[in-house]
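Structure, as structure tokens:
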Amino acid sequence: MAADLVAPHAAPTRLDRLIGWFDPHRGLRRLAARSMLARAYEAASPRDRWKPRRGGASADADHMADAAIMRAKARSLVQNVPYARAALDALVANVVGTGITPVWGGADPEAVATLWADWVKVADADGKSDFYGLQALAYRTMEQDGEVLVRYRWRRDEDGLPVPLQLQLLEIDWLDTGRQQGAAGSNRVVNGIEYDLLGRKVAYWLWDQHPGDISARKGTRTQSSRVPANLITHLYRAERPGQGRGFTRFAPVISSIRDLRLLEDAELQRKNLEARLGVIVSGDASLFAAPPQQLTGDQAKATGELGEMPSGSMVNIPPGSNVTTVAPNPSQGYTDYVRLQLHLILAGFGVPYEEGTGDMSEVNFSSARVRQQQFRRQCEQTQWLELVPGLCNAVAAKFLEAARLVNKVRKDTAVSDWSTPKWEYVKPSEDVAASIQEIGSGQQSISEHIRRKGYTPKKVFDELADDVKELQRIGIFDALMFLLRGNAPNQASAADQGGNSTTSK
């Protein structure tokens with residue numbers, strides 16, 4: 001293989017031989033210099049006919065050319081393909097779950113937490129969900145469409161909100177991507193986003209209404225207006241430096257899903273043919289006897305069809321007729337091939353095969369646990385590198401800004417941490433013991449463990465204190481603790497043995 005790669009470049013030409021005949025040293029240097037031009041990577045060889053499209057184009061150029069059509073295809077996949085919808089649901093359930101909640105710090109974190117809890121219920125400007133529902137919808141839209149916009153809507157005091165702020169979730173279709181280099185001054189506009197000289201996003205150009213809204217009046221023209229960047233949070237996954245827009249997560253698997261769906265349709269048609277009995281008859285069709293409510297002889301002769309054969313019936317055919325039965329041969333390996341393709345598709349999407357299909361026939365406890373741990377690491381990466389800095393921190397900062405305007409929080413109030421959704425135990429007995437060891441060794445606090453379970457630590461502690469007081473009041477606390485230790489029968493047996501031994505003495 002190595003000789004095949006080097007020989008075409010290192011073999012001496014006629015000119016090399018001629019120069020070497022007059023000056024051997026110069027000929028050797030020429031041959032050595034030409035051999036340095038041989039490609040080290042086979043993939044870079046000119047003989048490789050594969051040429052990437054738009055090689056060297058920027059991320060924004062690729063987005064301008066392909067993002068819209070891929071976004072439309074991704075939406076169609078989620079709407080029509082079961083495993084595409086299941087894979088997206090699995091991502092949202094594991095990354096966002098019931099919500100990524102803030103941990104407040106400052107002089108009075110309890111009061112801020114109460115104010116936040118009141119605002120969460122009315123955070124949606126459309127009035128359809130709470131803030132954690134918007135979290136899930138924003139993340140779902142980001143993975144499906146590639147990006148989503150969160151617009152901050154300031155409200156008045158008479159609106160009666162805990163803080164004068166609400167959030168409006170917008171599909172990326174609201175962005176006027178056709179506006180290019182149209183901003184005034186020295187700023188530039190790329191794909192509907194305005195940048196200053198330092199490359200910072202300073203504004204978004206948004207349509208007055210959704211471009212695909214059917215309620216728009218015919219003949220009316222929608223206009224895009226400039227919205228300052230401090231009123232917008234643009235949530236997307238940046239996969240290249242300098243990338244200003246996001247691509248759908250389905251991008252690497254759209255073609256594979258399309259091909260698999262074509263195979264599924266072909267298999268369905270083949271199964272449909274297998275369920276039917278095809279018969280080819282050669283002879284004079286007019287001589288065939290017409291079954292009841294079937295074609296007459298003249299009609300059979302004119303159309304070439306003999307009608308349908310009732311189940312269990314016997315039909316006479318004229319002498320000399322040849323009858324051939326058409327029975328399609330079933331193809332082998334369809335199930336294995338579909339399962340292999342689903343493994344590849346769901347791996348490209350970033351979801352375990354079992355999560356996207358519900359098929360648990362190929363897994364055991366060890367393999368499921370290893371894959372689940374890897375999937376959880378990917379989810380945690382999305383939580384802490386994308387959602388928390390890209391959405392949660394931005395919303396919390398706007399919430400505190402609105403709360404300070406109405407003097408409901410102190411200046412030193414801030415988010416000290418975020419609590420992600422709890423993970424269900426794969427094997428409760430071992431996982432609980434591991435959690436106890438982490439807390440006992442100081443690797444994790446009790447409060448953080450409670451937050452990861454999806455509960456509020458202070459609320460849990462208050463409930464525990466109230467429970468202990470009530471159990472002590474009615475006089476069963478000691479008995480309950482004795483039973484919870486799990487050694488009551490053994491101790492009772494030991495007491496009985498001790499009493500018998502004393503009596504015998």
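The values are calculated or read from the model by the stated rules, or taken from the named source; none is laboratory data. Given the structure is predicted, the values throughout are model-derived calculations rather than measurements. Quick reminder, even Gly has a Cβ in these numbers, built from the backbone with ideal geometry, and neighbours come from all protein chains shown.
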* Test set (1) among the hydroxyl-bearing types (Ser, Thr, Tyr); (2) over 19 Å from residue 103 (Cβ atoms); (3) surrounded by 11 or more Cβ atoms within 10 Å (Cβ to Cβ) - residue 429 fails condition number -> (3)
* **Any pair with Cβ under 6 angstrom, 6 or more apart, that starts in region 190-214 at a residue that is in contact (Cβ under 8 Å) with a residue 60 or more places away in the chain and ends at one that is part of a strand (DSSP E or B)** => none
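Listed here are the residues, each with its yes/no results for (1) touching a residue at least 60 places away in the same chain (Cβ under 8 Å); (2) farther than 15 Å from residue 349 by Cα.
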position	(1), (2)
20	no, yes
24	no, yes
27	no, yes
44	no, yes
47	no, yes
59	yes, yes
72	no, yes
87	yes, no
90	yes, no
* What are the pairs, 6+ residues apart or on separate chains, where a residue within region 456-470 that is in contact (Cβ under 8 Å) with a residue 40 or more places away in the chain and outside the structural domain of residue 113 (by TED's automatic domain parsing) has its Cβ under 9 Å from a residue that is assigned to a helix (DSSP H, G or I) and exposed (fewer than 13 other Cβ atoms within 10 Å of the Cβ)? -> 458/110
* Asked: Does residue 254 count as touching a Ser or Thr at 6+ places or on another chain (Cβ under 9 Å), more than 25 Å from residue 400 (Cβ to Cβ) and β-branched (Val, Ile, Thr)?
  -> yes
* How many residues are hydrophobic (A, V, I, L, M, F, W, C), under 19 Å from the mean Cα position of the chain (by Cα) and over 21 Å from residue 83 (Cα atoms) when one looks only at region 359-375? -> 0
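Every residue, every condition in (1) surrounded by fewer than 17 Cβ atoms within 10 Å (Cβ to Cβ); (2) out of contact with any Phe, Trp or Tyr (no Cβ under 8 Å at 6 or more places or on another chain), yes or no:
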residue	(1), (2)
137	no, yes
149	no, no
154	yes, yes
164	no, no
172	no, yes
187	yes, no
192	no, no
196	yes, yes
210	yes, no
* Asked: For region 409-426, which residues satisfy the criterion of being hydroxyl-bearing (Ser, Thr, Tyr) and surrounded by 12 or more Cβ atoms within 10 Å (Cβ to Cβ)?
  -> 413, 419, 420, 425
* **Test result for residue 68, within 24 Å of the chain's Cα centre (by Cα) and touching a residue at least 40 places away in the same chain (Cβ under 8 Å)** => yes
* Structure fact -> Per the filter on region 381-434, residues under 30 Å from residue 368 (Cβ atoms), assigned to a helix (DSSP H, G or I) and either among the aliphatic types (A, V, I, L, M) or in contact with an Asp or Glu (Cβ under 6 Å, 6 or more places away or on another chain) (or both) are 385, 387, 388, 432, 433, 434
* Exactly one condition in (1) more than 21 Å from residue 446 (Cα to Cα); (2) modelled with pLDDT of 85 or more; (3) surrounded by 11 or more Cβ atoms within 10 Å (Cβ to Cβ); (4) of a type outside the set (D, E, K, R) is not met by residue 468; state its number. => (1)
